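Q: Attaching a single structure in structure tokens format; questions to follow.
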Amino acid sequence: MKKFINAHIYRNSDANEILVKNGVITAIGNNLPAADEVIDLKGRLLVPPYVDAHLHLDYVYTGGQAGAKNDTGTLFEGIARWHDIKDKQTFEDAKARALKGIEEEVSKGVQFIRTHIDVCDPKLTGLKAMLEIREQLKDNVTIQIVAFPQEGMYAYQGGDELVEEALKMGADCVGSIPHFEWAREIGEKSIHRTVELAVKYDKLIDVHCDETDDVMSRFVELLNALAMIEGIGSRTAASHTCSFGSADNAYAFRMMGLFQKSGLNFIALPTENAYLQGRQDSYPKRRGMTRVKEFWESGINVCFGQDSINDPWYPAGNGNLMNILDNGIHMAQTMSLPQLDTCLDLITFNGAKTLNVEVQYGIEVGKPANFLVLDAHSPFEAVRQRADVLASIRNGEYLFKKPEPSYEIELDLFRKTL
């Protein structure tokens, strides 16, 4: 039995101790019973694990490969460059890169990942590699796989059939990319097919939706309507929805009322949306992010994700969700003092709700002892300082633990030089 003491527990200011037995939280409070091992957190912040709600693990570290250069910096050229790379990837290469990407994310506190895997490949190479990894690493990280047709369900011949095959093989979510199809009607057809497959195979939904500056790209409207009809809004996510950030207010506020009704989830990708969108704008230049502030303030579930790590769409990225959060709250202008105290939800609880893993997520009695120790003493300081993750605990055991920071020693040396 372990006891964590002198903790600042996120969302629970009344308690400072946690008791863990057999990988499960058995008590939260103050002056809890004795334990075999006592870990003094010295007032540091304890938060649930980070959730990366949107990542492409089959693309990681391909940004430097031949043919990956994206001269226009646009979504559509990125897709073309990936097509050239994909044809040459092997199972071994796909698996090795994905494992490296997961290791990078886990080293920064991520324990839950939803990854989109391109299934526009008759050999389904990336999917086969990820299915193997998901099982191999299940004790260290929870991975959800989206069957994602990067080149379109219908723009790519047989794409919808490959999505269905991926679901039969074990993918967790149905994906689509309606704004990439060759006509609006075909994009709508792909949304209908997405919902049909989700109902047929009892899967979650995550659509790359309206990832464009075109204010008339409104596939999220159809996705939301079909999700409401089927009663699966809480099991459905719309990723990106960049065009919704450019839509006029009359349309946007009507739709937000429907989003509240359906329970649809939204995923914004701050760094990549800002990098890819607005490429044809001069000034004022749009930053490409959906209406995060309005969603959050109206109770519509919204979270953040990394999206890419060094691929044809985005040359940077390292799985550090604190960096993603910092960028996102700046662009969304959600930095009032109350918001700074709760915005960690955007990379923790809100992501868990999007992934439908709430039953196993959170610092509560009876749930798995999964949490992080941040190098900060309050949520505000954690966000302001982009606090480092000092330890990641999974089922009561350390995934990693860093040495104690030596700030006081460094400060003493600094003072002596004054």
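Read the figures in this text as sums done on the coordinates, not as results from a lab. It should be emphasised that the depicted structure is a prediction, and the values quoted were computed from it without experimental measurement. Using ideal geometry, Cβ is built from the backbone for each residue, glycine included, and neighbour counts are taken over all protein chains shown.
Q: Return a whole-number percent for the relative contact order of the range 302-408, with Cα pairs under 8 Å and 6 or more residues apart as the contact set.
A: For the range 302-408, the relative contact order is 20 percent.
Q: Roughly how many nanometres apart are two label points built 7 Å out from the Cα toward the Cβ at Tyr398 and Ala225?
A: It works out to 5.6 nm between the two label points.
Q: Between Asp139 and Met335, what FRET efficiency follows from the Cβ-Cβ distance if R0 is 45 Å, with the result rounded to 0.05?
A: 0.75
Q: Any chance you could give the angle, 0 to 90 degrees and rounded to 10, that helix 184-201 forms with the longest Cα principal axis of the chain?
A: Compared with the principal axis, the helix lies near 50 degrees.
Q: Give the aspartates and glutamates whose C-alpha is closer than 18 Å to that of Lys128, dropping any in the same chain fewer than 8 places away, or say none.
A: List returned: Asp58, Asp87, Glu92, Asp93, Asp118, Asp160, Glu161, Glu164, Glu165, Asp172.
Q: Follow-up. State, as an integer percentage, the relative contact order of the chain based on alpha-carbon contacts under 8 Å between residues 6 or more apart.
A: Normalised by residue count, the contact order of the chain is 19 percent.
Q: Sorting Arg254, Arg394 on the 10 Å Cβ count, fewest up front, what's the list?
A: In order of increasing Cβ crowding within 10 Å: Arg254, Arg394.
Q: Something else about it: Report the full-extension gain for the segment Gln157 to Lys21: residue separation times 0.36 nm, less the Cα-Cα distance, to one decimal in nm.
A: So the extension gain works out to 43.7 nm.
Q: Starting from the Cα of Tyr201, step 7 Å along the direction of its Cβ; do the same at Glu132; then give the gap between the two resulting points in nm.
A: Label at Tyr201, label at Glu132, 2.0 nm between them.
Q: Of the residues Thr342, Thr62, Thr115, which exhibits the maximal mean-square fluctuation in a Gaussian network model of the chain defined by a 10 Å Cα contact cut-off?
A: Taking springs between Cα atoms under 10 Å, the residue moving most is Thr342.
Q: Shifting gears a bit: For the range 269-333 and the range 12-64, what is the centre-to-centre distance using only Cα atoms, to the nearest Å?
A: Going from one Cα centre to the other spans 26 Å.
Q: Using a 10 Å cut-off around each Cβ, can you sort Ser13, Ser298 from fewest to most neighbouring Cβ atoms?
A: Ser13, Ser298
Q: In deg cm²/dmol and to the nearest 500, what is the mean residue ellipticity at 222 nm of the chain if only DSSP H runs of at least 4 residues count, each as -39500 (n - 2.57), divided by the residue total?
A: The helix contribution divided over the chain gives -10500 deg cm²/dmol.
Q: For a quick check: with amide H placed at 1.01 Å from N, whose amide H comes under 5 Å from Ile25's, ignoring anything fewer than 5 positions away on the same chain?
A: Gly366, Lys367, Ala369
Q: Could you state the number of Å between the C-alpha centres of the range 165-183 and the range 91-107?
A: Here the two parts' Cα centres lie 22 Å apart.
Q: Which is farthest toward the positive dipole end of the chain among Phe253, Ser336, His208, measuring Cα position about the Cα centre, with Cβ charges +1 (Lys, Arg) and -1 (Asp, Glu)?
A: After comparing all options, I get Ser336.
Q: Where does helix 219-230 land angle-wise versus the long Cα axis of the chain, in degrees 0 to 90, nearest 10?
A: Long axis of 219-230 versus the principal axis of the chain: about 80 degrees.
Q: Which one of Ala238, Val220, Cys303 has its Cα pushed farthest toward the positive end of the charge dipole of the chain, where Lys and Arg give +1 and Asp and Glu give -1 at the Cβ?
A: Ranked along the dipole, the leading option is Cys303.
Q: Further, regarding this structure: Which residue, Asn350, Asn140, Gln65, has the largest displacement toward the positive end of the dipole of the range 50-357 when charges sit on each Cβ (Lys, Arg +1; Asp, Glu -1)?
A: Of the listed residues, the answer is Asn350.
Q: For a Förster distance of 41 Å, can you work out the FRET efficiency between the beta-carbons of Asn249 and Gln385, rounded to the nearest 0.05?
A: For Asn249 and Gln385, the calculated efficiency is 0.70.
Q: Using 7 Å Cα-to-Cβ label points, what is the Lys168/Arg279 separation (nm, one decimal)?
A: For Lys168 paired with Arg279, the spin-label model returns 3.6 nm.
Q: Please find the FRET efficiency linking Thr74 to Lys42, where r is the Cβ-Cβ separation and R0 is fixed at 45 Å, and quote it to the nearest 0.05.
A: Here the calculated transfer efficiency is 0.40.
Q: So, with +1 on the Cβ of K and R and -1 on the Cβ of D and E, and no other charges, what is the size of the charge dipole of the chain about its Cα centre, to the nearest 20 debye?
A: With only Lys, Arg, Asp and Glu charged at Cβ, the dipole is about 540 debye.
Q: Moving on to the next point. Taking only Cα atoms, what is the 0 to 90° angle, nearest 10, from helix 159-169's long axis to the longest principal axis of the chain?
A: That works out to roughly 40 degrees.
Q: Take the residue pairs Lys42/Lys402; Lys95/Lys123; Lys21/Lys138; Lys203/Lys353 and return only those whose Cα atoms are more than 18 Å apart.
A: Lys21/Lys138
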